[in-house]
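The values are calculated or read from the model by the stated rules, or taken from the named source; none is laboratory data. Computed from a prediction, not measured in an experiment: that's the story for all the values here. Here the Cβ is made from the backbone with ideal geometry for all residues, glycine too, and neighbour counts use every protein chain on show. These area figures cover heavy atoms from the full protein model, side chains too; ligands, DNA and RNA do not enter into them. Shrake-Rupley method; radii C 1.70, N 1.55, O 1.52, S 1.80 Å.
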Amino acid sequence: MTTVQTIPETVPGTSPVPRPRQLVSTLPVYSKAGGTVPPRWRASSNESFLPPSPPVLAAIDAAARHCQQYPTLQGDPLVAALSRGLGVAEDQVVAGAGSLAVLQQLLTAFAGPGKNVVFAWRSYEAYPILVRLTGARDIQVPLTAAHTHDLPAMASAVTADTAAVILCSPNNPTGTVLAAAALEDILVRIPSHVLVVLDQAYLEFTDDAGASSQHSLALLAAHPNLVLLRTFSKAYGLAGLRAGYLVAGEDIAAAVRAVSPPFGLNKVAEAAAVAALADTKALDATVSTVREGRAALHAAFTACGLHLPDSGGNFLWLPVGDGAASLEAACLAESVSVRSFAGEGVRVTVGSRDAEAAVLRAVEAWLAD
Ligand SMILES: *Cc1c(COP(=O)(O)O)cnc(C)c1O
């Protein structure tokens, strides 16, 4: 006997419409900087304060002249350059359209319905979106009173269904850095079948030796479940072009490559990233300007009577709690955008001396109010 599928009759005037998966309506929304008038200065998105350097612009221009051609399938020239620079095999590197895209591919390959992913909260606001998108559950472990990852609590939150633990160091938005010993300790405590993703978007700005690139690459050699996530959006100043990558064991990298869209890294972004990687002078100048501005602004905020954590990133976190909205308004009144998280605090990007001065004026006015 054949079964005939019945097609539901449509009520006239009420044709069914395509419905997205149910989880789509549960996704948190990535926040935007507030304000209606475009501010004069931007301190809201942790972008670089500098435009691309002349050699990077030249590479962008040269690549743009060949945009009628597809890029390489997997960002091969960038992968080769990264492999040489980092001293890892090319098979261990996966490049993509920003580190967020690469993280999404990693989670697509390893997480899904029935699984969970553990991360600190507050941390990067993209994590719950990307985790839930896979159908996995997010387990958010509150930061300590010192605004840093509660590593023992995160290790305890791991269950038999945990696909990954995401660590963000320096943590966005609090800036706190995981010390070398703490990282080594949690890698020993987390079962070897659980991915440990170390998001190092701000790695270059840190002056803590424990958070160095070398140290994390050494950890990678000892812990095959570790994944390092890095980007060209921050210290390399290419946020608008979208280029990022991960470094992992060859099997993990192969799984991520298998779920990555072909030609995911565009030709211009790829050329710019290769050139930015070679322009160590520009990187050093960016990093030292950020470190100087960060120290000066931290000291100025402290002199105002504010308590804030030390930051390893190109930003500072002002944990002003319920004052977040009014402080953001004070900043907008000084024509500088910042990122506020209601009831928690305000994150201020460092690097532009004009933006830093405007934020300081805003903080002084806000405190006087
Ligand atoms: C900015 C940022 C990224 C970078 O994302 P891209 O997609 O590479 O621009 C990743 N992780 C954290 C924690 C960030 O703050």
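Values computed for the structure shown
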{"quantity": "Count - residues of region 214-230 that are within 16 Å of the ligand (Cβ to nearest atom) and not charged (D, E, K, R)", "calculated": "4"}
{"quantity": "Extreme residue, nearest to V290 (Cα to Cα), among residues of region 343-365 that are of a type in the set (A, V, I, L, M, F, W, C) and surrounded by 21 or more Cβ atoms within 10 Å (Cβ to Cβ)", "calculated": "V350"}
{"quantity": "From the options A145, A101, residue that is modelled with pLDDT of 95 or more and closer than 30 Å to P71 by Cβ", "calculated": "A101"}
{"quantity": "Hey, V177 within 16 Å of the ligand (Cβ to nearest atom) and open to solvent by less than 30 Å² (accessible area, probe 1.4 Å) or not", "calculated": "no"}
{"quantity": "Qualifying position, being open to solvent by less than 40 Å² (accessible area, probe 1.4 Å) and of a type in the set (G, A, S), among S123, S156", "calculated": "S123"}
{"quantity": "Residue check for A111: free of Cβ contacts under 8 Å to residues at least 60 places away in the same chain and either within 16 Å of the ligand (Cβ to nearest atom) or touching a strand residue (DSSP E or B) at 6+ places or on another chain (Cβ under 7 Å) (or both)", "calculated": "yes"}
{"quantity": "Test for S233: is it within 14 Å of the ligand (Cβ to nearest atom), on the phi < 0 side of the Ramachandran plot and of a type in the set (S, T, N, Q)", "calculated": "yes"}
{"quantity": "Some residue of region 126-143 being in contact (Cβ under 8 Å) with a residue 12 or more places away in the chain, in a loop (DSSP other than H, G, I, E, B) and of a type in the set (F, W, Y)", "calculated": "no"}
{"quantity": "Qualifying positions in region 185-213 - within 16 Å of the ligand (Cβ to nearest atom), closer than 18 Å to S311 by Cβ and of a type outside the set (S, T, N, Q)", "calculated": "L198, D199, A201, Y202, L203, E204, F205, A211"}
{"quantity": "In region 84-99, the residues that are touching a strand residue (DSSP E or B) at 6+ places or on another chain (Cβ under 7 Å), within 12 Å of the ligand (Cβ to nearest atom) and hydrophobic (A, V, I, L, M, F, W, C)", "calculated": "A95"}
{"quantity": "Test result for T148, within 16 Å of the ligand (Cβ to nearest atom), hydroxyl-bearing (S, T, Y), assigned to a loop (DSSP other than H, G, I, E, B) and open to solvent by less than 50 Å² (accessible area, probe 1.4 Å)", "calculated": "yes"}
{"quantity": "Test: residue in region 278-300 that is within 16 Å of the ligand (Cβ to nearest atom), under 23 Å from A201 (Cβ atoms) and touching a Pro at 6+ places or on another chain (Cβ under 6 Å)", "calculated": "no"}
{"quantity": "S340 open to solvent by less than 50 Å² (accessible area, probe 1.4 Å), polar (S, T, N, Q) and not in a loop (DSSP other than H, G, I, E, B)", "calculated": "yes"}
{"quantity": "Matching entry among P51, P71, P18 (being open to solvent by 60 Å² or more (accessible area, probe 1.4 Å) and either over 21 Å from the mean Cα position of the chain (by Cα) or of a type in the set (K, R) (or both))", "calculated": "P18"}
